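Quick notes on the structure that follows.
Derivation of every value follows stated rules applied to the coordinates shown; laboratory data play no part. Since the structure is predicted, the reported quantities are computational estimates derived from the model, not experimental observations. Ideal geometry is used to build each Cβ from the backbone, glycine not excepted, and the neighbour counts take in all protein chains shown.
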Amino acid sequence: MKTIHEIEITTTEVILDRKPITVQESGDKMLVELYRRYVGDYPKFFKMDTLSRLGFIAAELLLKQSAISGEQSVDAIILANRSASIKNDTDYLATISNGNYYPSPALFVYTLPNIVAGEIAIRHHIQGETAFYILDTPEQLEQIIQSTLQAQGTTQRTALAGWCECSEANKFYAKIQLLRTI
């Protein structure tokens with residue numbers, strides 16, 4: 001497998017293809033800053049939970065970089081983390097505590113971690129495989145990526161794949177790559 005482009009996002013920095021992107025904000029505010037600077041045309045972003053925002057911004061920056069270098073379309077999205085959608089699960093639980101029996105449907109939709117893969121697929125019209133795994137380590141994900149991309153034989157395939165973790169609004173990490181089978 002060949003890495004075409006890669007991005008790493010922490011709560012305070014963004015590294016795209018080993019070059020830092022200057023940001024003024026940190027945490028969730030940084031994701032909004034990046035959205036306004038590099039995307040700006042997908043208002044649904046503001047309804048997303050932090051995990052979806054993180055994956056969405058990472059995908060946007062990678063795919064913009066890919067378009068600049070003339071790369072082909074994406075065949076699969078393969079993401080994983082350790083905490084599933086715990087941050088949003090906790091927020092959702094708070095809406096049904098203390099006698100409130102009318103939980104927030106806006107939060108409920110994001111209680112599934114695979115929603116981030118769906119948001120990316122919808123935005124970029126990716127009709128191939130989309131998967132989100134709950135794993136202990138990023139190394140386990142590498143084995144899944146290998147087997148998924150090689151399952152189709154010798155056909156060259158491209159995937160957006162990596163680790164996308166968000167346990168709190170201001171505590172997240174993503175390392176996502178655009179990969180191609182050789």
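Given the peptides 162-171, 134-143, 28-37, 46-55, arrange them by the average over their residues of other C-beta atoms within 10 Å, most packed first.
Numbers: 162-171: 20.0, 134-143: 12.5, 28-37: 17.7, 46-55: 22.3.
The peptides rank, most packed first, as 46-55, 162-171, 28-37, 134-143.
May I ask for the Rg/Rh ratio of the chain, computed from Cα atoms with Rh as the Kirkwood radius, given to two decimals? Intermediate values should be presented prior to the final figure.
Details: Rg = 16.3 Å, Rh = 16.7 Å.
Reported Rg/Rh (Cα atoms, Kirkwood Rh): 0.98.
Given +1 on the Cβ of Lys and Arg, -1 on the Cβ of Asp and Glu, and no further charges, what dipole in debye does the chain carry about its Cα centre, rounded to the nearest 20? Please list the in-between numbers first.
Numbers: 17 positive and 21 negative charges, 69 e Å.
The calculation lands at about 340 debye.
Taking springs between alpha-carbon atoms closer than 10 angstrom, which of TYR133, TYR42, TYR101 fluctuates most in the Gaussian network model of the chain?
TYR101
Taking K and R as +1 and D and E as -1, what net charge do the other residues with C-beta under 15 Å from the C-beta of PRO43 add up to?
The answer is +2.
Please work out the FRET efficiency for the pair ASN100 and ASP41, using the Cβ-Cβ distance as r and a Förster radius of 30 Å; give the result to the nearest 0.05. Working shown, then result.
Working: r = 35 Å, r/R0 = 1.18.
Efficiency, rounded to the nearest 0.05: 0.25.
Over segment 1-48, what lengths in whole Å, largest first, do the semi-axes of the equivalent ellipsoid take, defined as the square roots of 5 times the eigenvalues of the alpha-carbon gyration tensor? Spell out each step's value before the answer.
Numbers: eigenvalues 88, 42, 17 Å².
Values for segment 1-48, descending: 21, 14, 9 Å.
Could you work out which residue, out of VAL116, VAL74, VAL39, moves most in a Gaussian network model of the chain, that is, has the largest mean-square fluctuation with Cα springs under 10 Å?
Answer for the Gaussian network model of the chain: VAL39.
Evaluate the distance, in nm, between pseudo-label points positioned 7 Å from the Cα of GLU13 and of GLU25 along their respective Cα→Cβ axes.
About 2.1 nm, to one decimal.
Please state the shape class of segment 105-167: rounded when a/c is under 1.5, otherwise prolate if a/b exceeds b/c and oblate if not, all from the C-alpha gyration tensor. Working shown, then result.
Details: a/c = 2.93, a/b = 1.41, b/c = 2.09.
Taking the square roots of the gyration eigenvalues as a ≥ b ≥ c, segment 105-167 is oblate.
Can you list residues whose amide H is under 5 Å from GLY162's amide H, if they're 5+ apart or on another chain and H is modeled 1.01 Å from N?
Long-range HN contacts for GLY162: ILE78, LEU79, ALA80, GLN177.
Kindly work out what percent of the DSSP beta bridges joining two residues of segment 2-180 are antiparallel, to the nearest 5. The partial results should precede the final answer.
Values: 23 of 34 bridges.
Of those bridges, close to 70 percent are antiparallel.
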